[in-house]
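Here the structure is laid out as structure tokens; the discussion comes afterwards.
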Amino acid sequence: MRVPYEWMADYCDPGLEPRVLAEKMAMTGTEVERVVTLGPPSAERFVIGKVLEVEKHPDADRLNVCQVDTGDGERTIVCGAPNVAAGQTVVVALPGAVMPGGMKIKQAKLRGVESNGMICSERELELGEGHDGILVLGDGPAPGTPAVELLPLAEPVLELEVTPNRTDCFGIYGVAREAHAISGAGLAAPPWDGGPIGPGLASEPDEIDRLDDPVGEESTADRVRIVVQDDDLCPRFTARGYTDVKVGPSPLWLKARLIAAGMRPISNVVDITNYVMWLTGQPMHAYDLDLVPEGELIIRRAENGEKVAALDGSEYELNDRMVAVADRNGLAGIGGMMGGSVSEVSESTTTVLMEAANWNGPNVLRTSRDLGLRSEASARFEKQLHPDLTLRAQAVAARLMVEICGATPMTGLVDVAATPPLEKPIRLRSGRVERVLGMAISTDRQAEALTMLGFGVERDGEDLLVSVPPDRFFDVTREIDLVEEVGRISDLDRNLPATLPSGAGRPGGLSRQQALQRRAEDSLRESGFDEMVGWSFTDPAETDRLRLAEEDPRSSTVRLANPLSEDQSVMRTILLGSVLGAAQRNLARGADRVALFESGRVYLPAGEFGPGPLGGDFPGNTRPPSNEPQHLCAVMVGPIDPASWRGESGATDFFALKGVLEHLAGGLGTSVTVEQVPGIPAEPFLHPGKSGPVVLDGRPIGWIGEVHPSVAAEYDLEGAVAFEIALADLLESSKVGEESYADFTQFPPVDRDLAVLVDEGTHAARVVDTVEEAGGELLTSVSVFDVYSGEGVGEGQKSLALRLRFRAPDRTLSDEEIEPVWQAIIDALAESGGTLRG
Amino acid sequence: MVERIEEIQLEGMAEVEAAGTAAELEEVRVRYLGRKAELTGILRGIADLPAEQRGPVGGTGNKVRKALEAAIESKVEGLNNAELEKTLAEDRIDVTLPGSPARAVGHIHPITRTRRLIEDVMIGLGYQVMEGPEVEHDYYNFTALNHPEGHPARMLQDTFYVEDERHVEQVLLRTHTSPMQVRAMEAAPPPLFMIVPGKTYRRDSDATHSPMFHQVEGLAVGEGITLADLKGTLLAMLREIFGPDREIRMRPHFFPFTEPSVEFDVSCFRCGGSGSLEDGSRCGLCKGIGWIELGGAGMVDPNVFGFVADAGYDPDSVTGFAFGFGIERIAMLRHGVGDLRLFFDNDVRMLEQFS
Ligand SMILES: [Zn+2]
């Protein structure tokens, strides 16, 4: 909302620099985005001039050499405008004046003729958009008069960011009242109630009152018939007719105010509707009454597919959820949005119907969205205005129509209104303000604040009974809203103490799951991985790049109805794509290795929750619409370690990453295994022979492996290893904090090694399983410390070297005790096809 | 005899001292303590001495023998050390070469670091940390936060909706972390003190808006909680994050789910809130205003309590405050990151600047 300062000052001049006022408004609830200066940066050196003589320039056809009286004598000015003529009163920028945009006027020779200034056009002064050449003023002002006395030059304009609850501040008068409450400066009567309506215009409320006295002359009701078929969508429709309307351009001050407000002047009648809207907050619309058959307008729901040609030159197709203004032949406008071109006011118009109506806010909002059409009117109506504002607008418009268009108002309004909203005073209990704010404000001061803001205030014992003016009606409905009103203009920032909530002994903290999550992320950091944060949304083709089959649950995505782009139109179901994408970008930018991880959510349309919030199980009565477990995904590309003068470090491989995964699990006091289960296919995006599910307590919680070469190629990678696991499942198995001490000092362990020949395809984990099973309680650990195939080992076989550790909790083991266990282990290995070596 | 023994000591000590190598020292040892040495002979012959001489000769002889042994031992150590030092001194490397790179240490993303910092500060003030769904029902994101259907406040936030066959727009990507206010109150009666960090989404993209970003929500509900408590809490938090000299400014504002509502600013930590730097130039961080906008807050609107009345939230007995702000904004300010989009680009040259 643009507020020209001088316009506001018609009602309240707080006597503050615009910037200071802006600051004060920001501190009371109305953000001022910026203060702009319209027109030249300063009004100095702009004066009124009288053109005395005009001659053609001797050397240039299109230029005129003018003699102009600027009060300080006659001066020669070369002017290119075709409309310049002797006798005109004009605005002259004298040498030294600075034009909008910064050009400084200088004495200069134009084709050999000395020019001492410039005669200005509307456009050059940012007062209008006319292309007709120089601005010609009416007679009267003496040459040499500072132009700023007649024209808004160097006009400060406040650009307010009005919050949607404050419909009152969508009108100049509402802003003026706000300035009054903030500054204490006086407030003039409102323009609909005897206050000023414009520079030099008479304030004659009596005249307007007489309009409603239905004696003699033509009355609106004789010429206009309004039928409201749906008063839920149109709670009030008021109309007044005018005859003898003289359509033409608006006076300069009116055009300048509209331009300062950001609107385009069109014609006096249309300009009046916009001016009234800007002043009162209530939009209006003007019809050429002669183009409304029988003067009848019907407000009804549109039919599906019904079309209307609107004032913006476009045609809109409506549906039956929208409200339309129809005449006997068809649609004449879209309710609350825009009028139709069928009864548009033109230069030949002589009778006018002025509409000020009230519309259903949510309906206007939806219509605006459905049509993709937003107007100044809809921006106000969608916030729900009070039906009584229509009368204010009609009152101001009537005065302007008489003064500016020479119109004769018809007597009386046609006013079709539904039951008005119920008015009921709100009780502000004594002590409530302090209880909410934590700061005492006396009842007197509360009453004063509310009164300045336009509320009606009555005392009831220690309480206040507050009635709400119509332009605050839908914003202030409860006691708490009054508390806010009182608070915001009580210099809250300076006076409010800073305290902490009472009530000691509240335990704050992370949940166990949250604490372990940090530990998991830190573990990957320690292992050399950089944490990344990828986009939650992705490209629908990602599932193809990862070779996921259509029936794979990860191919069913949560899709956005209104994505910013197709690339970000579905929610990811796997982190791998994000992390590979980041690796790709980093390599393209010259990195020679990357180790990246992401701890983030995936979004599945359905499925079982894992444990706790990280498993997607959130508090609240209603289950979330999708399943969003936290995953942990790590990717390594390139050498394991950075290059150094001591030689190349090995290329990354499956085991390097598996070590990272084991470190991660170990750091959480748990362990995972990697298994290949016959019959269960490998992940489609992984190398089938160098990958496998990550298994925890017999249950898969993710996968690890070399990325399939075709998938790696999709991301311009020569090779990569990756894992991705469901974090909540891993954390759930953590034993951190639950460890119980086992004595280790008293009875030493006995270590024995063995080497066993097995088929090459036998998994080491199976051999370890066999040993563990046969080893019983005395065998406390088995580890593979060498794998060998080649010379000395038969074709198709490999040798596994195992270290076995035996220990008893209560005694030192003797060889005799170990021997039968050892034998059992060897027997078991032999039975499962292994041959003991050497 | 005793005199002779004392002479042997003096001579022996001198020779031990003079020995320059291990071999010379061994010679000295043999000469003075060996089987054929004079002292050895004297001690061996004690039994043949007259009875009154045996005591003094034996005593002195053994004492001298021990003294020589000790001197030789310490000399051996010295010679060994000297030889070791000599060897070591010749065994040289170029110490100026770079060290072997340790297994590279990774980096935690600045968003995560900042989130943890905020969590830790609020934990210290007695808050729990909670998480909520990002794909959310309209009910939690809007309706129960006092944004009725058709209310223009819904338009303040450009919402991503989730596609559904009926086009009813009932499921969306949360536009703020505030839906968890309602979920948390549904799940537990007052008093409630919690924060919710997490991802949020708005349909907006430029240098200062990202369609995905992170927020922290805070909610405190109990008996007697006031707007002044909100101010104190935010001030305590901001001082932990931006330094002990910071001040807070609260500007009245409008949010549908708080009443009264405010926006809050922190005094600029570069210019100390004056708006200008020491050289008199305008502070670029706060653009000369002295304050930096951070987030929104306010007292929980009674209508919101109305949606969780069954869980024990009666607006006549409890009051509460809520606040929310962007994690990226804090990270940008603390680390001087100029462009929001850098956070999601994941360039390791950026990530590696944050240990
Ligand atoms: Zn600053």
Which condition does A:Ala728 not pass, out of (1) at pLDDT below 95; (2) in contact with an Asp or Glu (Cβ under 9 Å, 6 or more places away or on another chain), if it passes all the others? (1)
Considering only region B:260-280, state which residues are part of a loop (DSSP other than H, G, I, E, B) and within 11 Å of the ligand (Cβ to nearest atom). B:Cys268, B:Phe269, B:Arg270, B:Cys271, B:Gly272, B:Gly273, B:Ser274, B:Gly275, B:Leu277
In region B:332-345, which residues are part of a loop (DSSP other than H, G, I, E, B) and in contact (Cβ under 8 Å) with a residue 40 or more places away in the chain? B:Val337, B:Asp339
Collect the residues in region B:248-293 that are among the polar types (S, T, N, Q) and within 14 Å of chain A (Cβ to nearest Cβ), keeping them in residue-number order. B:Thr258, B:Ser261, B:Ser267
Output for Cβ contacts, cut-off 7 Å, separation at least six or different chains, first residue over 11 Å from A:Gln517 (Cα atoms) in region A:716-730, second charged (D, E, K, R), reads A:Gly719/A:Glu706; A:Val721/A:Asp653; A:Val721/A:Glu706
If we take region A:254-364, then strands (runs of 3 or more DSSP E) inside it with 2 or more residues that are touching a residue at least 40 places away in the same chain (Cβ under 8 Å) and assigned by TED's automatic domain parsing to the domain that holds A:Arg374 are A:285-288, A:296-301, A:331-334, A:352-358
Of the residues that sit in region B:291-325 and are closer than 15 Å to B:Phe254 by Cα, small (Gly, Ala, Ser) and in contact with a Leu (Cβ under 9 Å, 6 or more places away or on another chain), which one is nearest to the ligand (Cβ to nearest atom)? B:Gly295
Within region B:128-166, the residues that are polar (S, T, N, Q) and surrounded by fewer than 23 Cβ atoms within 10 Å (Cβ to Cβ) are B:Gln128, B:Thr143, B:Asn146, B:Gln157, B:Thr159
The correct count of residues that are aliphatic (A, V, I, L, M), touching a residue at least 12 places away in the same chain (Cβ under 8 Å), assigned to a loop (DSSP other than H, G, I, E, B) and at the interface with chain B (Cβ under 7 Å from one of its Cβ atoms) in region A:487-542 is 3
Could you figure out which of (1) under 29 Å from the mean Cα position of the chain (by Cα); (2) more than 16 Å from the ligand (Cβ to nearest atom); (3) within 29 Å of B:Thr159 (Cβ to Cβ) isn't true of B:Arg203? (1)
Apart from one, (1) at the interface with chain A (Cβ under 8 Å from one of its Cβ atoms); (2) without any contact (Cβ under 8 Å) to a residue 12 or more places away in the chain all hold for B:Ala184; the odd one out is (2)
Selection within region B:281-290 - more than 8 Å from the ligand (Cβ to nearest atom) and part of a loop (DSSP other than H, G, I, E, B): B:Ser281
Among the residues of region A:388-410 satisfying the criterion of being outside any helix (DSSP H, G or I) and surrounded by fewer than 24 Cβ atoms within 10 Å (Cβ to Cβ), which is nearest to the other protein chains (Cβ to nearest Cβ)? A:Asp388
Taking the stated definitions as given, is B:Ile111 assigned to a helix (DSSP H, G or I), more than 9 Å from every other protein chain (Cβ to nearest Cβ), under 26 Å from the mean Cα position of the chain (by Cα) and farther than 18 Å from A:Pro625 by Cβ? no
Could you count how many residues in region A:695-715 are assigned to a strand (DSSP E or B) and either β-branched (Val, Ile, Thr) or in contact (Cβ under 8 Å) with a residue 60 or more places away in the chain (or both)? 5
Can you report the number of residues in region B:121-159 which are over 24 Å from B:Phe344 (Cβ atoms) and more than 9 Å from chain A (Cβ to nearest Cβ)? 8
So is A:Val433 free of Cβ contacts under 8 Å to residues at least 60 places away in the same chain and more than 14 Å from chain B (Cβ to nearest Cβ) or not? no
Counting only residues that are within 10 Å of another protein chain (Cβ to nearest Cβ), among the acidic types (Asp, Glu) and more than 10 Å from A:Ala498 (Cβ to Cβ), how many does region B:219-244 have? 1
Could you say which residue among A:Gly372, A:Gly330 is surrounded by fewer than 22 Cβ atoms within 10 Å (Cβ to Cβ) and within 21 Å of A:Asp231 (Cα to Cα)? A:Gly330
Of all the residues that make up region B:318-349, how many are more than 19 Å from B:Ser205 (Cβ to Cβ) and within 11 Å of another protein chain (Cβ to nearest Cβ)? 5
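The values are calculated or read from the model by the stated rules, or taken from the named source; none is laboratory data. Computed from a prediction, not measured in an experiment: that's the story for all the values here. All Cβ positions, glycine included, derive from the backbone under ideal geometry; neighbour counts span all protein chains shown.
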